[in-house]
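Colleague: Could you have a look at this structure, given as structure tokens, before my questions?
Nothing in this text is a laboratory measurement; each read-out follows from the coordinates by a stated rule. Predicted, not measured: the structure shown is a model, and the values here were computed from it. Cβ coordinates were reconstructed from backbone atoms using ideal geometry, including for glycine residues, and neighbour counts include every protein chain displayed.
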Amino acid sequence: MIPKLMRLPEVLAATRDGVTRHYDDIQNGVMVPPLKRDRSSYWIENEIGAVVAARIAGKSDDEIRALVKRLVAARSQILPEFLASRGMPMQPVAAGGP
């Protein structure tokens, strides 16, 4: 499966959050961090959808943090081949990191 990458305006539209809240949520581990390429940030669409679905389902912050950790860990299985096939050396940003 090829993941669809989203830019910040698309993510904010999907989450209905503002920029400050979005980045606060990343720092607090309740939102998936972006993939970085040079100065650009990208989010994986299905990860954003999973977090939004968890919020709608009324999951607690701790449950969402656990979900975010699982989603970020799963990147190591899907991203290397995808990125290599496009010559895109991206570095994931750790949850709660800069």
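Colleague: Using 0.36 nm times the number of residues separating residue 21 and residue 4, minus their current alpha carbon distance, what extension gain do you get?
Modeller: Going from the current span to full extension adds 3.8 nm.
Colleague: In Å and on Cα atoms, what radius of gyration and Dmax does the stretch 5-88 show?
Modeller: Computed over the Cα atoms of the stretch 5-88, radius of gyration and Dmax are 12.8, 39 Å.
Colleague: Separate question: Order 37-48, 53-64 from most to least packed using the mean count of other Cβ atoms within 10 Å.
Modeller: Working: 37-48: 15.9, 53-64: 12.5.
In descending order of packing, they fall as 37-48, 53-64.
Colleague: On to the next question. Give me 30, 72 ranked fewest to most by other Cβ atoms within 10 Å of their Cβ, as a rough exposure proxy.
Modeller: 72, 30
Colleague: Cα to Cα, under 19 Å, and not fewer than 8 places away if on the same chain: which lysines meet these conditions relative to residue 4?
Modeller: Result set, ordered by chain and number: 36.
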